[in-house]
Amino acid sequence: MALSWRSWLANEGSKHLFLLFWLCLNAWLFWKTFLLYYQGLQYYYLHQMLGLGLCVSRASASVLNLNCCLVLLPMCRVLLAFLRGSQKVASKKTRRLLDKSKTFHVTCGATICIFSVLHVAAHLVNALNFSENYNEEFLALNAANYRGEDPRKLLFATVPGLTGVIMVLVLFLMCTASTYAIRVSNYDIFWYTHNLFFVFYMLLMLHVSGGVLKYQTNLEEHPPGCFNPNKTLRQNMTMPKAFGEPFPDYSTDSFPEDPPVPEPFGQNNLVRICSEEPKFQSHFPETWFWISGPLCLYCVERLYRYIRSNKPVTITSVISHPSNVLEVRMTKDDFKARPGQYVILHCPRVSALESHPFTLTMCPTDTKATFGVHLKVVGDWTERFRDLLLLHSNQDTEILPIFQQRPYPKLYVDGPFGSPFEESLNYEVSLCVAGGIGVTPFASVLNTLLDGWKCYKLRRLYFIWVCRDVESFRWFADLLCLLHNKLWQENRPDYINIQLYLSQTDGIQKIIGEKYQALNSRLLIGRPRWRLIFDEIAKCNRRKTIGVFCCGPNKISKTLHKLSNSSNTYGTRFEYNKESFS
């Protein structure tokens with residue numbers, strides 16, 4: 001298939017164009033600040049002392065200010081959920097940009113890391129120059145106490161230097177723990193180190209309060225490079241021994257009105273005469289202007305989320321499903337959510353600080369207040385959580401409803417928050433692809449359609465679910481059968497197209513149970529042939545825009561992304577949306 005530029009622009013093109021714009025914006029800001037300190041008269045004497053280290057350090061600092069300001073905004077989840085669900089953002093394309101908030105957060109974080117290295121390198125050069133180029137003429141400019149002072153004292157014995165060193169260590173921990181390998185192998189390390197951002201911002205506000213770099217304030221009275229004859233004659237003129245005796249007093253009236261300027265300063269008559277000595281002043285910390293607003297907004301949102309989630313939910317039932325999957329159903333007063341959204345669960349008995357996001361598989365409606373999540377028991381947190389909920393943690397071979405034989409632990413729910421899958425009901429045709437436990441975002445959509453589908457724009461849903469073992473299909477087999485039977489009774493069997501793929505098997509298998517006969521006929525052995533599936537969907541939906549939603553392994557995601565960007569002969573356009581496990 002040839003590349004469709006229209007599909008590329010609708011899917012990943014907008015993201016790439018925005019990233020290109022962001023790169024150009026940072027480069028432009030760096031260059032403008034560099035020129036300001038390189039050519040600015042108020043920095044003339046400081047530049048003479050520090051050289052290009054001054055320009056590079058200040059230019060990189062301006063880029064760091066911008067990115068440290070904006071890196072917090074994508075993490076304001078309540079704000080993003082409000083924008084997505086309100087009429088303020090009516091455009092679907094604009095709402096899809098909100099789905100790239102994580103990408104923007106990562107981009108800002110990577111930019112902070114790159115320019116921090118540049119900033120640190122420039123200040124190491126500045127520390128050396130402060131020591132070697134100690135200026136005895138303008139003492140206010142010096143950060144060192146004397147010529148040849150050990151530069152390490154400037155790094156470890158001053159507030160800007162010490163806070164800068166600690167910030168580098170904190171940033172190193174946050175960056176290394178944010179890598180994919182560590183997030184997958186030990187999420188706890190990522191969680192705890194990433195919360196060091198608050199320490200980073202506190203140190204950042206202290207770091208800029210040192211006032212090491214100064215600018216000249218009296219440019220009118222003392223233009224840079226001007227000649228001060230009184231100071232020059234007083235400090236630099238050496239007198240012969242014959243004139244060592246005291247001079248008689250002479251009146252200043254005997255001098256001519258315009259005294260001759262010494263030759264080194266009188267060339268071309270361009271040197272100006274100073275009326276006073278230069279005065280220097282530290283910059284007001286501009287970083288405070290950059291980060292105070294987003295930091296306050298983030299803190300207010302976290303406070304709001306804490307108050308909102310302060311009351312524990314009521315757990316109504318816990319169900320153990322095959323393949324180490326646990327379903328938790330609960331209720332909470334005034335809890336409202338849209339299909340496709342997710343919540344953050346916090347159980348103090350499992351961990352006092354740790355919380356984890358889980359997609360809602362059942363949303364509350366006007367007739368029922370129950371909502372629920374399915375979680376895969378993988379890792380220490382989910383294992384401890386399962387052991388607290390179930391009497392016997394090894395009961396995973398069949399569905400076992402657990403009634404309140406013992407009190408459940410306190411569970412707090414923060415959310416709901418928005419996700420790309422909210423848009424699945426806003427397309428006329430949607431293709432939903434799930435891999436394993438990645439089916440959870442679509443379960444809430446299917447539950448919503450079971451309550452009623454006529455009020456939504458969606459008129460045809462292609463649902464493809466790929467699992468490694470047949471028992472995994474039983475997580476939502478009842479839901480799929482109920483929805484299938486409901487649509488047949490309403491004479492709309494073509495509303496949903498269900499395809500179940502068993503990727504690993506030793507032979508022909510079926511979902512056990514007579515009530516699952518409708519699903520057994522849709523169970524296919526092997527992996528989906530994605531190109532043929534896309535061709536068939538495009539052929540049946542000519543000249544339409546189809547929303548593609550994927551939650552599963554990266555291999556499937558990349559394949560669907562590539563096919564969504566490909567052109568077809570039917571005029572059908574695919575818009576790709578994705579949620580990643582990590």
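What to note about this one:
- Stretched out straight at 0.36 nm per residue, the stretch from Tyr192 to Val106 would grow longer than its current Cα-Cα span by 29.2 nm.
- Averaging 1/r over every pair of different alpha carbons in region 335-396 and inverting the result gives a Kirkwood radius of 13.1 Å.
- Radius ratio Rg over Rh of region 442-565, counting only Cα atoms, Kirkwood formula for Rh: 0.95
- Legend: distances between Cα atoms for Lys515/Lys555; Lys410/Lys454; Lys102/Lys336; Lys311/Lys558; pairs beyond 31 Å are Lys515/Lys555; Lys410/Lys454; Lys311/Lys558.
- Packing, taken as the mean count of other beta carbons within 10 Å per residue, orders the peptides 38-44, 331-337 from highest to lowest as 38-44, 331-337.
- Size of region 144-204 from its Cα atoms: along the principal axes, largest to smallest, the extents are 51, 20, 10 Å.
- Counting Lys and Arg as +1 and Asp and Glu as -1 over every other residue whose Cβ lies under 14 Å from the Cβ of Gln39, the net charge comes to +2.
- Simple spin-label estimate for Met205 and Gln499 in nanometres, 7 Å along Cα-Cβ: 5.5 nm
- Scaled against 2.2 N^0.38 Å for its residue count N, the alpha carbon radius of gyration of region 169-209 is 1.29.
- Centroid-to-centroid separation of region 326-390 and region 152-189 [C-alpha atoms, Å]: 33 Å
- Once the chain from Phe18 to Ala181 is taken as fully extended at 0.36 nm per residue, the excess over their C-alpha distance is 56.0 nm.
- Pairwise label distance in nanometres, Phe82 with Ala121, each label 7 Å out on the Cα-Cβ vector: 4.2 nm
- Computed E for Ile307/Thr367 - FRET, C-beta separation, R0 30 angstrom, nearest 0.05: 0.60
- Cα centroid of region 543-559 to Cα centroid of region 28-76, whole Å: 42 Å
- Förster radius 35 Å - calculated FRET efficiency between Asn426 and Asp478, Cβ distance, rounded to 0.05: 0.85
- Across region 169-209, Cα pairs under 8 Å and at least six residues apart give a relative contact order of 40 percent.
- Region 418-490: relative contact order as a whole-number percent, Cα under 8 Å and 6+ apart: 40 percent
- Two-site label geometry, Asp380 and Lys562: point separation in nm, points 7 Å out along Cα→Cβ: 3.9 nm
- Computed extension gain for Thr158 through Leu219, at 0.36 nm per residue and net of the alpha carbon distance, reaches 19.0 nm.
Laboratory data are not the source of any read-out in this text; all were calculated from the coordinates shown. These numbers were taken from a predicted model, which means no experiment stands behind them. So basically every Cβ, Gly included, is an ideal-geometry build from the backbone, and we count neighbours across all protein chains shown.
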